[in-house]
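Written out below as structure tokens is the structure these notes cover.
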Amino acid sequence: MNNALEKEHWAKKEIPIYRLTTIALFTLVLSILSIFLCSTRLGITGLTTTTDKGYINVTVMFHTEISLGLNSTVFKAANPGQTRNSYNSSEMENCYADNHCGLNVTNDGNVFINITILETENLFDSGTYNASQHFTYNVTMQDLDYVNGYGGKGDCSTGYSNGLPGPDSNGRTGQWRAVPRDSEEVAICYLNSTSTPEDDNRPDIARVELNITVPTDESTGLKSGTLTFTASSA
């Protein structure tokens, strides 16, 4: 009797084979999943990885700024009908070297610029005043690369081969040009912003040379005029 009960007791505790197999497989799947998760977190070599890129954007603002290193040009006294040229130091007050007596315009910004010119206060008061005869200007660039460099964008200031035409009947470029009084015009074109130590070869400086002829009917006395220069990005 006791043996029979004992056998029945153990029979109830036995686990079927198919359940053991299912448990074993389930345990195996969990183990593999655990290994996969650990491998992904650890970044084990040989596993598939992905990359992405982060982009950085910034806009650098340009600014245009000019200054006049020599902002006053004083001619020696002249009679009606006489001519004075800022290129010649002998015709200027307090200037002792040719080609250094005009107005020096410097590009203090960070981009190439164009500069317009306009006579905002009249130099002469004569009723016969004609700028093409009495008040002309020309530009000298100190940039050694100006004519042949910059992909042909240079060589366009007044007085250069691609600049504004002169006052003669043929309209040739490379000449002196009448100082504008009614509306501004681009006198200096594609002026560089790069500064170099050499005073005579600084790409950021342009010299505006002036030529005056006193009208024959101009009244006597001290004459003063004002030129206004305005810069914009080229």
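Since every read-out is calculated from the coordinates, none of them should be taken as a lab result. Model, not experiment: these values are computed from the prediction. Counting neighbours? That spans all protein chains shown, and the Cβs are built from the backbone with ideal geometry, glycine included.
Give me the residue from region 88-138 that is among the charged types (D, E, K, R) and in contact with a strand residue (DSSP E or B) (Cβ under 8 Å, 6 or more places away or on another chain) and, out of that set, farthest from Arg202 (Cα to Cα).
Within region 88-138, the subset among the charged types (D, E, K, R) is 91, 93, 98, 108, 119, 121, 125.
Next, from what is left, pick out any that are in contact with a strand residue (DSSP E or B) (Cβ under 8 Å, 6 or more places away or on another chain): 91, 93, 108, 119, 121.
Values: Glu91: 26, Glu93: 25, Asp108: 12, Glu119: 26, Glu121: 30 Å.
This residue is Glu121.
Identify the residue in region 117-137 that is loosely packed, with under 15 Cβ neighbours inside 10 Å and in contact with a Leu (Cβ under 9 Å, 6 or more places away or on another chain) and, among all such residues, is nearest to Leu222 (Cα to Cα).
Glu121
Could you run through region 72-86 and say how many residues are surrounded by fewer than 19 Cβ atoms within 10 Å (Cβ to Cβ), in contact (Cβ under 8 Å) with a residue 40 or more places away in the chain and part of a loop (DSSP other than H, G, I, E, B)?
5
So for region 94-109 (the condition being of a type in the set (Phe, Trp, Tyr) and not in a loop (DSSP other than H, G, I, E, B)), does at least one residue qualify?
Checked region 94-109: no residue is of a type in the set (Phe, Trp, Tyr) and not in a loop (DSSP other than H, G, I, E, B).
Being under 19 Å from Asn104 (Cβ atoms) and in contact with a Cys (Cβ under 8 Å, 6 or more places away or on another chain) is the filter here, so list the residues in region 118-157 that pass it.
Selection gives Gly154, Ser157.
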